[in-house]
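Only one structure is covered here, and it is reproduced in the block below.
The values are calculated or read from the model by the stated rules, or taken from the named source; none is laboratory data. Worth saying up front: this structure is predicted, and the values here are computed from it rather than measured. Note: ideal-geometry Cβ built from the backbone for every residue, glycine included; neighbour counts use all protein chains shown. Calculation scope for accessible area: heavy atoms of the full protein, side chains included, ligands and nucleic acids excluded. Shrake-Rupley method; radii C 1.70, N 1.55, O 1.52, S 1.80 Å.
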Amino acid sequence: MIGAVLRRPRTFARDTRGGAAIELALGAVVLISICAICFDLYSRVRADTASARLASTMADYVSRETEPDGDDLRALGKFLYTQELKVPANLVYAITAFRRPPGDPPEPVEVLWSDASIRFGDETVTGTIAGGCARHATADGKPALPGGFDMAAGEVLIVVEVCARLTREGSLVGRFIAGEIYRLHAVPAREPDTPPSPPAYERTEGA
């Protein structure tokens, strides 16, 4: 009786029936998990690249008219948000026009205007994002430019900052896609019929 009981674990260990099915199920779980992670990473990279396009396109548009119509800016921002980003996100555009007055020696840079009211997504979330998106203009309208901004006397510089907080909607894993993206694109103001200027400054961050 005791011998029969002791033999049962050894018999169970040697029983390979169903082993292939278990291995297949475990392998499928691992494969599906890897595919889900890769999908989310791809979505994250795509959103980061799209945010760069949003910032550069908006900056190029504003650089041709340093006092653009607000409705036109919102329409362009919405078009870029829906057609370029294509990832569920709360997004804020912070657009600022800086000017260095003419003079010798050069005068300090001043803020002509700044606007962070173009927002898309949940109003509560975008309100929080907007509070920290305009990093180069203070709340009281003072410039806070880093040393990389080298402006000539009389030059006007358009700075567009795009802040996006990706949501878990559309994410298979709900981990890698979540987080914030920050993009900055700065170009000198230009005449409408002149070709686009190369960026004076670019910056990207992602959490």
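Quick one: 3J(HN,Hα) in Hz for segment 73-84, Karplus 6.51/-1.76/1.60 with θ = phi - 60°, rounded, Gly and Pro as x.
Result, ordered by residue: 4, 5, 5, 5, x, 5, 4, 5, 4, 7, 9, 9 Hz.
Rounded to the nearest 0.05, what FRET efficiency do TYR42 and ARG168 give with R0 = 25 Å and r taken as the Cβ-Cβ distance? Could you check?
0.95
Counting only protein heavy atoms, what percent of the accessible surface of segment 75-170 is carbon or sulfur at a 1.4 Å probe?
Looking at segment 75-170 in its full context, I get 50 percent from C and S.
5 Å is the cut-off here: which amide hydrogens, built 1.01 Å from N in the peptide plane, fall below it relative to GLU155, excluding neighbours closer than 5 in sequence?
Excluding prolines and chain starts, which carry no amide H, the hits are ARG100.
Please give the peptides 52-59, 109-116 ranked by average Cβ packing (other Cβ atoms within 10 Å per residue), highest first, as a rough proxy for protection.
Going by the mean number of other Cβ atoms within 10 Å, highest first, we get 52-59, 109-116.
Testing the spin-label approximation: label points 7 Å from Cα along Cα→Cβ at LYS78 and VAL30. State their distance in nm.
Taking the simple label geometry, LYS78 and VAL30 are separated by 5.0 nm.
Projected area of segment 107-164, taken from the Cα convex hull and averaged over every viewing direction, in nm²?
4.4
Non-local amide H neighbours of ARG168 (under 5 Å, H modeled in plane, Pro and chain starts lacking H): which ones?
Amide H to amide H, under 5 Å and 5 or more residues apart or across chains, ARG168 pairs with nothing.
Could you tell me the distance between the Cα centroids of segment 93-129 and segment 36-58, to the nearest Å?
Centre-to-centre distance over Cα atoms comes out at 24 Å.
Can you tell me the length gained on complete extension of the stretch ALA153 to VAL125, counting 0.36 nm per residue apart and subtracting the Cα distance?
Gain on stretching ALA153 to VAL125: 6.2 nm.
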